[in-house]
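What follows is a short report on a single structure.
The values are calculated or read from the model by the stated rules, or taken from the named source; none is laboratory data. Keep in mind that what you see is a predicted model, and the values were worked out from it rather than measured. In this analysis, Cβ positions are derived from the backbone assuming ideal geometry, glycine residues included, and neighbour counts consider all displayed protein chains. For the accessible areas, the whole protein counts, side chains as well, though only heavy atoms, and no ligand, DNA or RNA atoms are used. Shrake-Rupley method; radii C 1.70, N 1.55, O 1.52, S 1.80 Å.
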Amino acid sequence: MQFVKMHGAGNDFVLVDLLTSRDDRDDAYWAELARQMCDRHFGVGSDGLLLIVPSDQADARMRMFNPDGSESASCGNGVRCLGRYVHDRYGLGDPELRVETGAGVTVIAMREDGDVTVNMGRPILAPREIPVAVVGTDALDVALDVAGEHLMLSCASMGNPHAVTFVGPGVLEGYELERIGPQVEHAAIFPQRTNFEVCEVLNPEHLRVRVWERGAGITLACGTGACATAVVAERRGLARFPMQVDLPGGSLTIDRAPDGAILMTGPTAYVFTGAWSLRTPAQSAIPNLNREAIGVG
């Protein structure tokens, strides 16, 4: 199986191109493959496995499997990488590329400077639709006691759920995300689990964010997380569009279109290509690569 590894602001993915091939493997197969390939010690190493498959309503369809084997409906940095690949490989996307995701059809625009802009659609703010189990019609102020901490969260969905907490100067770097993140992700008020962002507001047009991703853990960037953070920061009166969101792996620009849709712009890059040796889950987790196929020897 041939694959391409890409990243967007350090958020890295393994892409498998099934756009022109017939594939009848089931979800359990891809979930197990994601667990194997995403492993950073025994696999390729990535924040997710992206499948590029045919679509009846767009140029291509994206399926994303997290490192734990679960499937996500949307991934902002992932769809930017996939869009760049489909544009470069198949010549699609002039002037725009349409990619079907579990959260709907995403429109992507390639920029002359190499960056990619994605229309992420309108944010979902109703608690029941995020989903988060709170009383009322808004999830801007949600109290949660976990890991010995009292957190105030602002929740939104960009096709997947996010919970954001804001911290003051000098707190972000030392924030115990590895300890607190998984407990927020699995808190009972989030029936589908959640992504968790910690944000410092530098000024109304500049945010710094660290991310705990649902099903992946700490990542260098999260596109939907950057969008959700920008949305709730603006709603709280802390920021205004457009704004720059700095993540450990790079920066994204988040803006809002006149119709309320969120626009995310950022870089994409190819890392390497390779061949993965197909095997059953019972076999060794270390791939037996075909040296000729990858140009070695």
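Computed values, structure above
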{"read-out": "Index of the failed condition, residue 62 passing every other in (1) open to solvent by less than 50 Å² (accessible area, probe 1.4 Å); (2) more than 22 Å from residue 214 (Cα to Cα); (3) in a strand (DSSP E or B)", "value": "(2)"}
{"read-out": "Residue that is hydrophobic (A, V, I, L, M, F, W, C), in contact (Cβ under 8 Å) with a residue 60 or more places away in the chain and either more than 15 Å from residue 57 (Cβ to Cβ) or not in a helix (DSSP H, G or I) (or both), where the choices are 105, 118", "value": "118"}
{"read-out": "Set 40, 35: member being in a helix (DSSP H, G or I), farther than 25 Å from residue 129 by Cα, under 18 Å from the mean Cα position of the chain (by Cα) and without any contact (Cβ under 8 Å) to a residue 60 or more places away in the chain", "value": "35"}
{"read-out": "Segment 230-240, subset surrounded by 19 or more Cβ atoms within 10 Å (Cβ to Cβ) and touching a residue at least 40 places away in the same chain (Cβ under 8 Å), residue farthest from residue 105 (Cα to Cα)", "value": "233"}
{"read-out": "Qualifying strands (runs of 3 or more DSSP E) (wholly inside segment 127-217; at least 2 residues being in contact with a Lys or Arg (Cβ under 9 Å, 6 or more places away or on another chain) and more than 25 Å from residue 70 (Cα to Cα))", "value": "195-203"}
{"read-out": "Filter result (closer than 18 Å to residue 109 by Cβ and either in contact with a Ser or Thr (Cβ under 8 Å, 6 or more places away or on another chain) or open to solvent by 70 Å² or more (accessible area, probe 1.4 Å) (or both)) within segment 241-253", "value": "242, 252, 253"}
